[in-house]
Amino acid sequence: MARYEHLPIYKKAMEMSVYVEETVRYFSRYHKYGIGADLRDISRQILRLVIRANSTQHKSPVLQELVEACEQFKVTVVLAKEIKAFQNFNSFQQAAGLATSLCRQSEGWLGSSKKGQDH
């Protein structure tokens, strides 16, 4: 299996997963087991997709899944903000920043993977 610990996107995904775990802990019980569980699941899915994409030869299909998962995470973060699940605005802002960064990195990786296939 290919090494993935050195990848910036893996480090950011791990940072995001840890942040989500710490933040969801402070959601109300109602939000913790609903949207909080969704955030936790998607963040772990993103980590798994980064590892899978790094270890596969044909990266584009997995990277497309990664991009979609990042977008899904971003939308879920915004929904959590709208229903006031976050303890404060700073918690939302941090989660949104991590989500945006991951979306950019995953889209960039997908773009460079497609360019590599064209040559």
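The values are calculated or read from the model by the stated rules, or taken from the named source; none is laboratory data. A quick note: this is a predicted structure, and the numbers were derived from the prediction, not measured. So basically every Cβ, Gly included, is an ideal-geometry build from the backbone, and we count neighbours across all protein chains shown. For accessibility, only protein heavy atoms count, side chains too; no ligands or nucleic acids. Shrake-Rupley method; radii C 1.70, N 1.55, O 1.52, S 1.80 Å.
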### Query
So which of A37, A13 ends up being in a helix (DSSP H, G or I) and closer than 13 Å to A95 by Cα?
A13
### Message
Restricting to segment 29-47, count the residues that are open to solvent by 60 Å² or more (accessible area, probe 1.4 Å) and of a type outside the set (K, R).
### Response
5
### Query
If we scan segment 79-88, do we find a residue that is open to solvent by less than 20 Å² (accessible area, probe 1.4 Å), assigned to a helix (DSSP H, G or I) and at pLDDT 95 or above?
yes
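If only one of V20, V50, V67 is in contact with a Lys or Arg (Cβ under 8 Å, 6 or more places away or on another chain), of a type in the set (A, V, I, L, M, F, W, C) and either loosely packed, with under 13 Cβ neighbours inside 10 Å or in contact (Cβ under 8 Å) with a residue 40 or more places away in the chain (or both), which one is it?
That would be V20, the only listed residue that is in contact with a Lys or Arg (Cβ under 8 Å, 6 or more places away or on another chain), of a type in the set (A, V, I, L, M, F, W, C) and either loosely packed, with under 13 Cβ neighbours inside 10 Å or in contact (Cβ under 8 Å) with a residue 40 or more places away in the chain (or both).
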### Message
Given the criteria of a type in the set (D, E) and part of a loop (DSSP other than H, G, I, E, B), does E5 qualify?
### Response
yes
### Query
Can you tell me which residue in segment 23-34 is farthest from A53 (Cα to Cα), limited to those that are part of a helix (DSSP H, G or I) and touching a residue at least 12 places away in the same chain (Cβ under 8 Å)?
H31
